[in-house]
Amino acid sequence: MSFRFFLLLHVQLCLFSQLPGEVLEKQAWEKTSPQSLEDLREIQSQLQSLLPEAEKSVVSIETGDGAGSGVIISPEGLVLTAAHVIGSTGKRMKVRLHDGKRLSAVSLGGSELSDAGMLQIKGRKDLPFAPISAKDLSSVGDWCFALGHPGGFDSRRGVIVRLGRIIGKKDETMQTDSRLLGGDSGGPLFDFEGKVIAIHSRVSTQPDQNFHIPIESFLANWDFFRDQSILTLESLAEGGFLGISCQESARGLLVIGVLEGTPAEKAGIHAGDLLTQMDGKFLSTRENLTISVSQKKPGELVRLTYERDGNLLSSEIKLGRRSEE
Amino acid sequence: MKRFSWMASLLSLQVFALEDENQSRLLGYELRLNGKSTQRAFAEAKEEALRTTVRLERNGKLIALGLLVDPSGLVLTKASSCIGAREASLTNGERYALRIRKRHEPTDLALYQLIGEGDEFPAVRWSNLSNLENGSWVLSAFHELQEIRVGVASGKTRPIEREGGVMGVILGSSSKSPQGITIREVVPQAAADKAGLLSGDLITKVDGRRVKTSNHVVDLVNDKDPGDVVVLSILRKGDDRDFRITLGHRSVTFDLFNRNMQMSGPVSKRKDNFPLVFQHDLPLEREAMGGPVFDLSGKCLGINIARVDRVTVFSLPSKIVRERLEDFLSGLDAR
């Protein structure tokens, strides 16, 4: 009996002993935390192999009343940045490439909700650019590095790198412990594959808890940010209104609250419902829902598809006006 | 107005919900870049940093860090930070009296001697690296000498130009008043304000030299260093008067109004005019300047010479520090 138990135990131990084997195959930056100088050297050499290319894609943005940063993500010069850096749509501004060269640009759209913004450099087809990450590839604990021009462009100093880890990621916000300062706003956060995973947004009073706009926010509203004017908090008041608050999950938007007397309440939506589509379009982010709703006029009808207790439901809802409810 | 407050309340509701849940899901401090778990990986380099870094105190308060450079207890540090340093302590708790031996203005370095028993102090091992590549790990002792702070080399190695002294005034254009240069604004608490200058005053002479343009005033003042005195001849409501102004640092004078500086906390007074620096992102306080910075193998890359803002520390590279040290030592031998 005891022998059999020992055998069982032994088999289990063997099973478990494969786990450390898998751990060994992990790259140093994929471990819970670096264990040795060797791990640290591996992190360093990965960072340094990515830096030269990543730095070339970083720009300083001169808006006339301040400076921010941005990252070129196409050879034609589409730039991701922060909405608070560009301010409004259609403004002429200058960008400076990593080598100091000045180019003309015009601000595109974005959103004051997430602080995402876009900018177009004019008349170029051959610019150095950074690849952007697909959605949902970054998560809390990942190593990352921030690039930007804290305090403005300085040719003798160059692009500034800061190392860190993602310490929080939820809805339209990512937080890292990489250090930021004014002027970094709009600059890119890279993962350890050299892809852009976020854009610097707000500098926190706590130096190791700064805020970024996750790439998911751009991906969910790409055409809107590129082609429309910046969604401002004021303009939200003019558009349609549902009256729900929700949080993002892997399968859709989880309703966490429905305000009394709003169209959503009248249509019977309640907390716990999982919103998946609006007018047949998949709802990927919270901001995506807000933007879609705000682009409709009060009084217009939208069809919401949602899951409740495993059932797929659909309601037609007449949008209200934010100010009236 | 009503709809605006409505909107604001909705937004704030969402934000609170977000931050509330976010707090619980934030990565633990232990695992962060400067968490204890990460620090452990630095192993021997960490021990080396703690062993060779010295706390310099005045009236029981930390004013700078320093590094042990010789078994006899010689300590290098940042000269402008440790004026009046009386006592030093090590990571093992030992305390020593201090005596200053040498100072060198251009590098802002000073040499001190620990006074006490023993001539077997640990001393730093120097790195020969002349150009630190961006993204290289660096580490320094945290000021309590129990933990370290880690980060990376973050910008190009370069000289930092001299900034010159400032009065803390904004000048009007000279063409408007033929009698002198108008002071349009006086920065509160700055040198000119302390000396009693007012907006509307006309500057006629700087150190006895008649001035015709605002650029001329700026050039004459900028030739002097912070701490130097400049004498302005002022025409105020028809009266001539001289004012003596002790010039301030550009950073401290104008940065008071700079949001970046408000976010950064205390920075070094002198953060300009260095022959060569490399730069890194270690989260160190102003009082931790003067201490050594190390590479992964525990070799000393240089001395942290200025906290510039919350993403920037300047360090003097080991090559410059060692040249200075040799000069200091040969001076000691000659005596």
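The values are calculated or read from the model by the stated rules, or taken from the named source; none is laboratory data. If you're wondering where the values come from, they're calculated on a predicted model, not measured in any experiment. Cβ: placed from backbone, ideal geometry, glycine included. Neighbour counts: every protein chain shown.
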Looking at A:Leu147, A:Leu103, A:Leu108, which one is in the same structural domain as A:Gln206 (by TED's automatic domain parsing), farther than 16 Å from A:Phe190 by Cβ and crowded, with 19+ Cβ neighbours inside 10 Å? A:Leu108
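Can you spot a residue in the stretch A:165-180 that is assigned to a loop (DSSP other than H, G, I, E, B), more than 10 Å from every other protein chain (Cβ to nearest Cβ) and within 26 Å of B:Leu282 (Cβ to Cβ)? Explain how you work it out, then say what you get.
From the stretch A:165-180, those assigned to a loop (DSSP other than H, G, I, E, B) are A:171-172, A:177-180; that's our starting set.
With more than 10 Å from every other protein chain (Cβ to nearest Cβ) added as a condition, the list becomes none.
No, the conditions are met nowhere in the stretch A:165-180.
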Against the definition (in a strand (DSSP E or B), out of contact with any helix residue (DSSP H, G or I) (no Cβ under 9 Å at 6 or more places or on another chain) and either under 19 Å from B:Gly151 (Cα atoms) or not assigned by TED's automatic domain parsing to the domain that holds A:Thr63 (or both)), how does A:Leu254 come out, yes or no? yes
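Listed here are the residues, each with its yes/no results for (1) outside the structural domain of A:Gly117 (by TED's automatic domain parsing); (2) under 21 Å from A:Ala116 (Cα atoms); (3) touching a residue at least 12 places away in the same chain (Cβ under 8 Å).
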| residue | (1), (2), (3) |
| --- | --- |
| A:Gln247 | yes, yes, yes |
| A:Glu260 | yes, no, no |
| A:Gln277 | yes, no, yes |
| A:Gly280 | yes, no, yes |
| A:Thr285 | yes, yes, yes |
| A:Asn288 | yes, yes, yes |
| A:Thr305 | yes, no, yes |
| A:Asp309 | yes, no, no |
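Just to be sure before I move on: is B:Val218 β-branched (Val, Ile, Thr), out of contact with any helix residue (DSSP H, G or I) (no Cβ under 6 Å at 6 or more places or on another chain), more than 14 Å from chain A (Cβ to nearest Cβ) and surrounded by 17 or more Cβ atoms within 10 Å (Cβ to Cβ) in the structure I sent?
Yes: the conditions hold for B:Val218.
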Of the conditions (1) under 28 Å from B:Ile148 (Cα atoms); (2) touching a Pro at 6+ places or on another chain (Cβ under 6 Å), B:Val277 satisfies every one except a single condition; which number is it? (2)
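Answer with yes or no whether B:Pro178 is assigned to a loop (DSSP other than H, G, I, E, B) and either in contact with a Gly (Cβ under 7 Å, 6 or more places away or on another chain) or surrounded by fewer than 15 Cβ atoms within 10 Å (Cβ to Cβ) (or both). Step through it out loud before you land on a result.
Numbers: assigned to a loop (DSSP other than H, G, I, E, B): yes; either in contact with a Gly (Cβ under 7 Å, 6 or more places away or on another chain) or surrounded by fewer than 15 Cβ atoms within 10 Å (Cβ to Cβ) (or both): yes.
Criteria met by B:Pro178.
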Selection from the stretch B:47-79 of residues among the polar types (S, T, N, Q) and modelled with pLDDT under 95 yields B:Asn59, B:Ser72
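Here are A:Gly66, A:Gly123: which of them is surrounded by 14 or more Cβ atoms within 10 Å (Cβ to Cβ), over 26 Å from A:Thr290 (Cβ atoms) and over 21 Å from the mean Cα position of the chain (by Cα)? Please lay out each step first, then the result.
Numbers: A:Gly123 fails: surrounded by 14 or more Cβ atoms within 10 Å (Cβ to Cβ).
After applying the criteria, what remains is A:Gly66.
Would you say B:Gln189 is of a type in the set (S, T, N, Q), more than 14 Å from chain A (Cβ to nearest Cβ), out of contact with any Gly (no Cβ under 9 Å at 6 or more places or on another chain) and in contact (Cβ under 8 Å) with a residue 40 or more places away in the chain? I'd like the intermediate steps shown before the answer.
Working: of a type in the set (S, T, N, Q): yes; more than 14 Å from chain A (Cβ to nearest Cβ): yes; out of contact with any Gly (no Cβ under 9 Å at 6 or more places or on another chain): no; in contact (Cβ under 8 Å) with a residue 40 or more places away in the chain: yes.
Against the criterion (of a type in the set (S, T, N, Q), more than 14 Å from chain A (Cβ to nearest Cβ), out of contact with any Gly (no Cβ under 9 Å at 6 or more places or on another chain) and in contact (Cβ under 8 Å) with a residue 40 or more places away in the chain), B:Gln189 does not qualify.
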Wholly inside the stretch B:269-335, strands (runs of 3 or more DSSP E) that include 1 or more residues that are surrounded by fewer than 17 Cβ atoms within 10 Å (Cβ to Cβ) are B:274-280
Being at pLDDT below 95 and buried (at least 16 other Cβ atoms within 10 Å of the Cβ) narrows it down to one residue among A:Gly187, A:Gly183; which is it? A:Gly183
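A:Leu275: outside any loop (DSSP other than H, G, I, E, B), more than 14 Å from every other protein chain (Cβ to nearest Cβ) and over 25 Å from the mean Cα position of the chain (by Cα), yes or no?
Values: outside any loop (DSSP other than H, G, I, E, B): yes; more than 14 Å from every other protein chain (Cβ to nearest Cβ): yes; over 25 Å from the mean Cα position of the chain (by Cα): no.
Criteria not met by A:Leu275.
Going through the stretch B:144-154 one residue at a time, which ones are buried (at least 20 other Cβ atoms within 10 Å of the Cβ) and out of contact with any Gly (no Cβ under 6 Å at 6 or more places or on another chain)?
Residues of the stretch B:144-154 that are buried (at least 20 other Cβ atoms within 10 Å of the Cβ), as a first pass: B:145, B:148-154.
Those that are buried (at least 20 other Cβ atoms within 10 Å of the Cβ) and out of contact with any Gly (no Cβ under 6 Å at 6 or more places or on another chain): B:Leu145, B:Ile148, B:Arg149, B:Val150, B:Gly151, B:Ala153, B:Ser154.
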